[in-house]
Every structure is written in structure tokens, then in C-alpha cells.
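What follows is a set of notes on a single structure, which appears directly below.
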């Protein structure tokens, strides 16, 4: 048994390059529950990061009582991270919303579904009649199921005709999609997790994988502990576990000043070109734009980049040499790039590095423009955000006509007269009063959006009707006119797709509490009550259950890059998840894309005609067609510009926000898991040793961090970051640490400080670059509540007690075991009633 709070990544299973990652079965059960007590195991996949680890849910007496990994799955080979082991199911039965709430005389009171839905439908119909479809906005999540996103997308685009649909994926994954569209013509990850097993070097750009995707980091650790270990290059202003591994592997840790990523990337591309590390034949045959790229990056010498980014020119040259001379390179990108200045331009430069060397489409040569949420890929695929379903192009009338035929509606109903409204603009319209109806599902913007004082003011507006759909009464629900109780993971059925395009089926394990309903059932009920019809007068939404929605979605993807037509619920039952495209040509799915060097950039296929990376200006279709991409990728770039809000005499520090390994988003679930809550109970302010000394701050002292927009107070962690940079975890809002919904009134949210600015292409907010000042308020009573096991480790480890779990944090780890038998729920499975146990050989998939 292993304490996986203290030992986050568990025991090592080293292996050599180009060999399969060994199996390790991780299992954690509720204290007092033995394996023999489990009545049945139900197939699912973890939804507490974007990795998509396959798992089985342990059920006893109608309750979720534990979890284990699935060793036969391509993603995790049986492993689970701390959030999956402790936080994915322990919220079960705790302070849930069980009945709808409506606002009466300023207070939220319980009611029945008819009353709540009638109030929503009456307001919705009145606004549609009086104002039109532009009065409606939908702000959703990256944590629902594919079937729910697609249903919501059809309701909004074909039923109501509103362009105002987006999700909190705009805050975390929009740049991933934008960078792939700009470079490759379409969303969709080129690489695969299996590239870890084959590569010679791994570059992590703004990606603290050790905390954000723990199981994928386990895969890298097992390569690092084996022969032929890859070299690691980490780009991060903090000294993370990834940065430690970079130093130990003979690689490089580059710690640029926040907001200077594009200068750094231009410098790396400069070195590839000047040192002759370019595959000229591949570039000539498969790309466009090399001459312009070379001209743009010519000035970004290591010395110039060192001055802008405050990194060593020698380290920059070394990093470029590793990329330029390694046979196979895997690159991953995440929030350190996506939530920072010039996000899309910086992320496109990662794609450029691979295109310049022809390192794409073969084992060990992947690009993973990572997601931050478990089903962010589905949001983008299905059209519940600012995209069209099936990676279609808003500017391509043929694509609009395809959807109109599929949904049997007039093409003019589908809003495509202007670019879709991104989340930041949706909130601006609500602030200005042109959006009067805002439906928020499965997200908590009162904690996660930038500039929270402004968000609270918007949610308080008398002319804004707010619907909140969630499993818990969170900070956002307190502003709602109607609150709908939603079923959560394990309480409903559906599919979801992870970062490397792997589709998993999650079966229903237990009943939702009280009158809570699945998000799919809620959307279907709204469509029925609104009497949404197609052009023949038939109901617009033809399906009534998750599998029916999945079958409808398959037809929407036919012939597109994200082709699901070869998948089915039966095919996804019992075995491994399957990566799309899966169709007649690829019946077992596709591990990676673009092996033939042909990209979906042809005008009739591409998802976007592209943008100017500096200004965000759109490329006209005629100009795009004139470039004749003909399946070639684009080498796009831009000049570096300074951040819109840099350090000043009044606000001398750059504040960057991020995550800790023990929590997910605003702690809706993980804050209710005792082991995770104890490991990281409260927020903290992370300072470098140099900055702490200059401020007279010791470990645990109470400090106040202020920007031009707001302030927060928390104990100081004297950590290991670079001077001039302050780090804040973004998970914490106004609620107390028990997650019971009791406000303590203390300003402690990182997003009190962040700014309402966004990238010109992806429209993703700039959470990583806010100018702040720090003031010591007084001596601390104890050490900061920051974990010691991760990037928030103290500068002086001896002065701070180590983060550990309690006795009930023990997790069983079995190395090299065969996958155990599991109960495979049959179609129509009733939660709580065991299905027959099937041996390993009898399972499908």
C-alpha cells in the first residue's frame, strides 16, 4: 500500500525506448471496504484532468466506494493519479443539489422541476419574441459528455439560432485549438501518448505535467528511469518537478519572464534555421511560409532573447541543439503558453519547430497541444463552444449547408453571418445588457473567470436571467434565478474524448441523488418544452437517450477529420478506449495523424481560413484560396510585443496563476475529498527567496497581493520561483475548505487580480501576466498551506513539515498484473444490480 498523497506518481516501472509501457494496477477503496465487499465494478474513465485514464468504479449498496485503473487501456495501463484515486468519487452523497431552486424575494428556495423549467421556458420564449435569438447566451464546460455537448450545440445553433455559445474551455484550451487550426488547418492532436515510449527528447512548453497530467508524467518518469532515457527541456518560470527532471536528464530548464514566450520561441526557431537543423526537403514538400518565418525570426539571436526573457543565451542554444539534433522529439504545450501574452503565436511556433524538422506523424515525433479539462476536446468537436460541429468552417457555406441538411433546418437559421461569440465577449454583452438570458452549465465562473469583481457585478444585474446547472450549490449558484440539480460522473452514461483523441465510454454506476437529472435529460427537456422543430415540423432533437445522441453525432462526423463512424457503445465496452478517426479506413482507430504529410488545409476541408497572429485579423477566403495550400501546413509567426500590463514602480511584480496537483478547477469535487483537501486546504502566495527577503517576508507570513482590479490575502510560501514573479493557485474562491457552502467573506481568489485581456486569435484570457504589488500584513501562525511535494515546495525543506496522507490514503499498486475480471454493464443496466462477471478474454474491444 502506497500513500499517494505523499508519493504522487507511485512506484516506477522502467522500460527501454520503443518498448511497451509496463502495466501497473492502482486501486483505492473507501476505508473499511474490502475488495470482496465490492458488489460490482462499472466501466468509466477519470474526469479530473485531460489525460482520460480508464478506470472501473467500485459500487456497494448503491454507493461509489472506490476506484481502480484498467490495465488494458491504451491511455494509462492501469494507473491513476491522486485526484482520480481520492477525488473522482469521494464527493459522492455530500451536500448535493437534490431539487431545483428558484429565486423568491431575493432568496433561493426549493421547488419542483415543472416550476423551475416553466420559469426558464417562459423567460426564454418572451425574450425570443421581443428581442430575438441574440438575447440568449450559453456558457458551458469542459466536463460534460460528448452527447450532452452535441445536444446543446444543436439546440443553440439550429433551434434558437444564437451565436452566443461558448464554454470555460475558452479559459484553458482555446489556444490549443487555435494553434492547430492556424498550422494544420484543423483542430485535432497530431501526436499520441505512445510517443513518450519512443522519443529521444521531450519539450514541455509552459506545461507542469507532473501536476496537471500525473499519469502521463508517470509514463515519462518510467522512460527516465530506464535505458535510453530522453532528455527533457522545460519552459517554466517556476522550478517544477519537470524542471528538476530537465536538469537531471541532461536537458535544460528555461525560466523566461512571464509574457515573453514568443520571443523565446522565435529564438529557438532562429537557431534551427541558422544552425542548419532544418529538413529542407520536408519543408519544401509539406509547408508554406518558410521565407517569411525566416525573415521574422532573424533578429531573435540568443543574446537578444536573453535580454527580453532574462534567460541565459547559452541555455537557449543548448535547448535548440537538443531539438535540432535529436532523432525523435515530443512536444507538449499547456497553460504557461495558452494563458499568457501572444498565446496563439507562441504555440504555433512549437508546431513550426516540428514542421521545420519533419518531426510529425511518426512514433516519438508528436505535438500535443494539451487540453486542461477532461472533455474539452468534445466541446470543440460538438459545437457547444465557438466552433461548428465536426470541425466545420463558419466561413464555408458548403459546411453550413451540410449541417442544415443533417439537422433538416434552413441554413439561415444557423448563425454564420459573423464570427461566433467567444466567452469573454458573451460576458461583455451581458454586462452591456444585450444578452438577457445566460445559461451556465457545469462551471463556476464566479471563481474561474478573470477580474472577479466585474463578473460578480454582471451576475447581479437585474436584467440578466441566470440559469445555473450543477451538482453543487457553488459560488455562481448564489447569483442564479434558477438552479438545476445535475447528475455527475458515475450517475449518468456517456462518452468523452481525451487529449490524444481517445474515446471512452462511461457507464452509469449509481443513481443521482434526489431529483437530480443528467445534463442530457435537462437539455432534452428544455428542447421539448420550447417545442423546437425542424423545417418539416418534426421535433428538432430526434434522440432521447445517450446512445441515440452518440449515433446522431457519428453522422455529423462522417467524412470529417474527427470521424467517429466506426465507433459504437458496444465497441467501447469492456476493452480499451479508441482514438479517432475510427471508420472503415481505420477500424481500430488512429494512434497519430499526418503520417503522410498531408494536412487538412485545402479550402474545401479546413476548419478555418486563419488569422494574423499579431492582430487577430481574419484571412479572407479568397486570399486563403489564392495561397493554394493543397494539404500543406502553414509556418506562421509574428513579432514579439511587450505585455499589455507590465511591472511598474507601483506594481513591481508579475503575477501568474496555476494549479496544484491535489485540486481540479474550483475544487467542486476535490474540495470534498478529505485527503486532497488536507493536502492543499487553503490558498497561498508563492514568492522567490530573493523577493521574500526584499519584502521582509518569512515562510507563513500573511501577505496581501494587489493589482489594479482587486486584492487577495494568504500566507506566503517562500518557494523556488524566479525573482519578480508571484505565483497564486487559482482553485480557491470564497467558500470555506469543507466545501459545504459556507462563505467566509475573505478575499482569497487569485482571479480577484487578473485582467480582462485576451489573445487576439484564440480569445483566451491572459491569466499569467498581471502586474501586482505585495505587502506584508503580519507574522504567520504556521507554515503556508502549500504542498511540499510539488512545484510549491519550500526553498528550505527542513523548515516545513512534509505533505503526507492519513492512514486511509493507502493505495494498492500491483505491477505487471493481468487486468482483473470486471462486471460489464449490459445495455439498460440497472445501477445496484450486478451484471455477470466476464473473464478477460470474453470482453469486447
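Every number in this text was worked out from the coordinates using simple rules, so none of it is lab data. Please read all numbers here as calculations on a predicted model, not as lab measurements. Methodologically, a virtual Cβ is constructed for each residue, glycine included, from the backbone with ideal geometry; neighbour enumeration extends over all protein chains shown.
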(request) Quick one: compute the contact order of the stretch 653-805, relative version, from alpha carbon pairs under 8 angstrom and 6+ residues apart, as a percent. (result) 33
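What FRET efficiency do you get for residue 247 and residue 110 if R0 is 51 Å and r is their Cβ-Cβ distance, rounded to the nearest 0.05? Could you put the intermediate results ahead of the total?
Working: r = 56 Å, r/R0 = 1.10.
It comes to 0.35.
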(request) Along Cα→Cβ, 7 Å out, is where each label goes; now give me the distance between the ones at residue 627 and residue 781 in nm to one decimal. (result) 5.9
(request) Work out the P(r) tail for the chain: percent of alpha carbon pairs separated by more than 38 Å, whole number. (result) 37
(message) Within the stretch 141-181, name every residue whose backbone N is under 19 Å away from a label modeled 7 Å from Cα of residue 431 along the Cβ vector.
(response) 164-172
(request) Please compute the Cα-Cα pair-distance distribution of the stretch 123-171 with 5 Å bins starting at 0, giving whole percents from short to long. (result) 5, 20, 28, 23, 14, 8, 2
(message) With the crude spin-label approximation of a point 7 Å out along Cα→Cβ, what separation in nm comes out for residue 641 versus residue 19?
(response) 5.2
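With a Förster radius of 45 Å, plug the Cβ-Cβ distance of residue 586 and residue 682 into 1/(1 + (r/R0)^6) and report the FRET value to the nearest 0.05.
0.40
What translational D, rounded to a whole number of µm²/s, comes out for the stretch 234-355 from Stokes-Einstein when the hydrodynamic radius is the Kirkwood one over Cα pairs, at 10 °C and 1.306 mPa s?
D = 108 µm²/s.
Given contacts defined as C-alpha pairs under 8 Å and at least six residues apart, what's the relative contact order of the chain, whole-number percent? Provide the component values of the computation, followed by the final result.
Details: 2115 pairs, mean separation 173.5, N = 845.
This gives 21 percent for the chain.
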(request) Above 17 angstrom, tally the Cα pairs of the stretch 554-636 and express them as a % of all pairs, no decimals. (result) 58
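Can you give the Kirkwood hydrodynamic radius of the stretch 653-805 from its Cα pairs, in Å with one decimal?
Kirkwood radius, the stretch 653-805: 15.6 Å.
Mind ranking 491-502, 19-30 by how tightly packed they are, going by the mean number of other C-beta atoms within 10 angstrom, highest first? Display every interim value, and only then the final one.
Details: 491-502: 26.6, 19-30: 19.8.
Descending packing order for the listed peptides: 491-502, 19-30.
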(message) Under the √(5λ) rule applied to the eigenvalues of the Cα gyration tensor, what semi-axes describe the equivalent ellipsoid of the stretch 664-732? Give them in Å, descending.
(response) 24, 14, 10
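As a test, work out the antiparallel percent of DSSP beta bridges whose residues both lie in the chain, rounded to the nearest 5.
Once the DSSP bridges in the chain are tallied, antiparallel ones form about 55 percent.
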(message) I'd like the antiparallel share, as a percent to the nearest 5, of DSSP beta bridges with both residues in the stretch 366-484.
(response) 10
(request) Please sort 240-249, 160-169 by packing, taking for each peptide the average over its residues of neighbouring beta carbons within 10 angstrom, highest first. (result) 160-169, 240-249
(request) Within the stretch 382-410, which residues have the backbone N less than 11 Å from the label spot 7 Å out from residue 604 along Cα→beta-carbon, could you tell me? (result) none
(request) Highest first, please rank the peptides 681-688, 31-38 by the mean number of other Cβ atoms sitting within 10 Å of their residues. (result) 681-688, 31-38
(request) Would you calculate the separation in nanometres between label points at residue 122 and residue 39, each defined as 7 Å from the Cα along the Cα-to-beta-carbon direction? (result) 4.2
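With a Förster radius of 41 Å, plug the Cβ-Cβ distance of residue 815 and residue 95 into 1/(1 + (r/R0)^6) and report the FRET value to the nearest 0.05.
Working from the Cβ atoms, E equals 0.60.
How large is Rg over Rh for the stretch 581-689, taking Rg from the Cα atoms and Rh as the Kirkwood inverse mean of 1/r across Cα pairs?
Details: Rg = 23.1 Å, Rh = 19.9 Å.
Rg divided by Rh gives 1.16.
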(request) For the stretch 173-199 and the stretch 462-526, write down the distance between their C-alpha centroids in whole Å. (result) 28
(request) Indicate, rounded to the nearest 5 percent, the antiparallel portion of the DSSP beta bridges found entirely in the stretch 653-805. (result) 65
